[in-house]
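Here is the structure we will look at, set down as structure tokens.
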Amino acid sequence: MSLEDEFCDIIKKARFGQGLGIESLAGLAKMEQADVEHLEKGHRPPTKGEIQGISQALHLRPGPLVNLALDGWLPQPQPEWTTEHGLVQTIKGDIGGYEVKGYLLTDPATKQALMIDTGYNAKQMLASLSQRELTLIGVCLTHGHTDHAGGLEEILAQWSVPVYLGNGDFDLLPWRPPDASIKIPADHQMIALGELTIECLATPGHTPGGFCYLLAFKGQNLCFVGDTLFSGSVGRSNPFSLYPQHLQSVRHTLLHLPKDTALFPGHGPPTTVTEEQAHNPFA
């Protein structure tokens, strides 16, 4: 298991989000510009002193950055209860050598399923539905990027179901579903899945119309977070002007969920609210 982002990725995302040039960051961090450039390119690991300076300049938490960059921190393994009875199935896809994850969320009682992103692997999604004899009732997109929504045309050709996508992300879609299929969720709207209920959480930042999808199940909670949050990091804000909203979505929506909530991102390993409160530099 490895994290989606390394130290170099994290500081670039924070710098771009705050509209800082390399020279400006070097000045604020009291470092040589060449050293900042080397760190952003991943040419060498940072020192603790460099982490302190860069963290202060970028308003990141230094402790988590030390854990991630120097201590080899990784989140705990995925909680076993999330896969019991086929509740969550992870479908992996590949776009140009870049791994992406989609999910099938299934109500064990009725075998109804929601697809959370396509995983850029419509073929495997459809095969899993068939093999497990599931009934697809909807596709919930965390955002409109191709690696999360690619293959939607193929899926809807076999399953005429609603597609949930936040307003503001339609122009990002590689293929736009028929208007009759599109459902624009409201913040805190509920979607029924057999005997289960999923809550839609508006989390703009990675994209203008980002959404996460939260399930409470037998006293446990899980949330599909797309690229709003990664284990130990966040997705890049697109456009960069969304960075303040992105931090708000992470800090005041996702990390305010119950501490034991399992978080399933679109890239990298699963994590929990507790882990991210302790180890995410953006928290």
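Every number here is computed from the coordinates shown, using simple stated rules; none is lab data. Source: prediction; values computed, not measured. Counting neighbours? That spans all protein chains shown, and the Cβs are built from the backbone with ideal geometry, glycine included.
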- Among A192, A186, which is surrounded by fewer than 19 Cβ atoms within 10 Å (Cβ to Cβ) and either outside any loop (DSSP other than H, G, I, E, B) or in contact with a Pro (Cβ under 7 Å, 6 or more places away or on another chain) (or both)? A192
- Every residue from the range 204-244 that is on the phi > 0 side of the Ramachandran plot and not in a strand (DSSP E or B): G205, K218, G219, G232
- Number of positions in the range 155-182 that are closer than 24 Å to Q124 by Cα, in contact with a strand residue (DSSP E or B) (Cβ under 9 Å, 6 or more places away or on another chain) and not in a loop (DSSP other than H, G, I, E, B): 7
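Identify the residue in the range 129-150 that is in contact with a strand residue (DSSP E or B) (Cβ under 6 Å, 6 or more places away or on another chain) and closer than 26 Å to D171 by Cβ and, among all such residues, is surrounded by the most Cβ atoms within 10 Å (Cβ to Cβ).
Filtering the range 129-150 for residues that are in contact with a strand residue (DSSP E or B) (Cβ under 6 Å, 6 or more places away or on another chain) and closer than 26 Å to D171 by Cβ, the one surrounded by the most Cβ atoms within 10 Å (Cβ to Cβ) comes out as T142.
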- Item | Selection count, the range 69-122, where residues are among the aromatic types (F, W, Y) and over 15 Å from the mean Cα position of the chain (by Cα) | 2
- Which one of E99, E80, E84 is surrounded by fewer than 17 Cβ atoms within 10 Å (Cβ to Cβ), touching a residue at least 24 places away in the same chain (Cβ under 8 Å), closer than 30 Å to A127 by Cα and out of contact with any Ser or Thr (no Cβ under 7 Å at 6 or more places or on another chain)? E99
- Task: Among the candidates T82, T106, T142, T118, single out the residue that is out of contact with any Leu (no Cβ under 8 Å at 6 or more places or on another chain) and among the polar types (S, T, N, Q).
- Result: T142
- Given the structure, is G226 buried (at least 24 other Cβ atoms within 10 Å of the Cβ), touching an Asp or Glu at 6+ places or on another chain (Cβ under 6 Å), under 18 Å from P269 (Cβ atoms) and not basic (K, R)? no
- Message: within 25 Å of L141 (Cα to Cα), surrounded by fewer than 16 Cβ atoms within 10 Å (Cβ to Cβ) and among the aliphatic types (A, V, I, L, M): is that true of I91 in this structure?
- Response: no
- Exclusive hit being under 30 Å from P108 (Cβ atoms) and among the small types (G, A, S), set G86, G49, G17, G21: G86
- Item | Scope the range 12-35; condition touching a residue at least 24 places away in the same chain (Cβ under 8 Å) and assigned to a helix (DSSP H, G or I); matching residues | K12, K13, A14, R15, F16, G17, L25, L28, A29
- Message: For the range 103-128: of the residues being among the aliphatic types (A, V, I, L, M) and crowded, with 21+ Cβ neighbours inside 10 Å, which is nearest to L254 (Cα to Cα)?
- Response: I116
